[in-house]
Amino acid sequence: MTPTAITVLAFTMSVDAFAVSLARGAACKEPRLREVLRTGFIFGTVEALTPVIGWGAGMAASSYVQAFDHWIAFTLLAGVGLRMLWLALFAHEEERPAVAQSFLLIVAAAIGTSIDAMAVGVSLAILDVDITIIAIAIGLATFLMSSAGMMLGRMIGERFGRMTEVVAGLALCVIGATILIEHIG
């Protein structure tokens, strides 16, 4: 693959992570630089690892991975999205967890948004490319996009409050449903 193709692939793989980070930034009252970098690091790391996992699976048994990857992505994204909706619509302020402390939700969202990178990894196994360079590029692009999404989301969240969380929760559910529909249909 050419450097341009790798760059385009890397940033394409990070779009879902950007959307989730945008929502996360909107949900945070004032994300600190540490939280922004932590979110970017988690998303970048997961997004870098999943094509390698997919590549390994592609080398072993691609048909098995492709048979259920969309269900995993849908379940994780819809679950996180529904939780965001519930908290935004029904939880009182004192019941709402601090977004900065929800490490497991960040990891679940990162896994959900990176399932497509796993499928790409399966495809890359067939192309016989250097998965290390591609995984690093995807991880770095996702780190940058997630960090930028957090900062931009903060600005949006300050203006629109809980409504942004509702939209973000719905967006996660839609992304999950779209992945499911694309693979089933």
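Here, each number is a calculation from the coordinates, and none is a lab measurement. Predicted, not measured: the structure shown is a model, and the values here were computed from it. When we count neighbours, we look across all protein chains shown, and the Cβ atoms used for this are built from the backbone with ideal geometry, even at glycine.
With contacts taken as Cα pairs under 8 Å at a separation of at least 6 residues, the chain carries a relative contact order of 50 percent. The listed peptides 52-58, 111-117, ordered by packing as a protection proxy, come out as 111-117, 52-58 (highest mean of other Cβ atoms within 10 Å first).
As I understand it, the value is the acute angle between the Cα axis of helix 15-27 and the longest principal axis of the Cα atoms of the chain; what does it come to in degrees, rounded to 10? So the helix axis and the longest Cα principal axis differ by about 20 degrees. At an R0 of 30 angstrom, the distance between the Cβ atoms of residue 5 and residue 33 translates into a FRET efficiency of 0.40. Translational diffusion of the chain was estimated from the Stokes-Einstein equation, with Rh taken as the Kirkwood radius over Cα pairs; at 25 °C and 0.890 mPa s the coefficient is 149 µm²/s. Compared with the dominant Cα axis of the chain, that is its longest principal axis, helix 131-160 is turned about 20°.
Computed from label points 7 Å out along Cα-Cβ, the spacing between residue 151 and residue 90 is 3.7 nm.
Approximating the spin labels as points 7 Å out from Cα along Cα→Cβ, the residue 129-to-residue 170 distance works out to 3.6 nm. Computed packing ranks the peptides 165-175, 10-20 as 10-20, 165-175, most packed first, by mean other Cβ atoms within 10 Å. Counting only DSSP H runs of at least 4 residues, each contributing -39500 (n - 2.57), and dividing by the residue count of the chain, the helix-based mean residue ellipticity at 222 nm comes to -31000 deg cm²/dmol.
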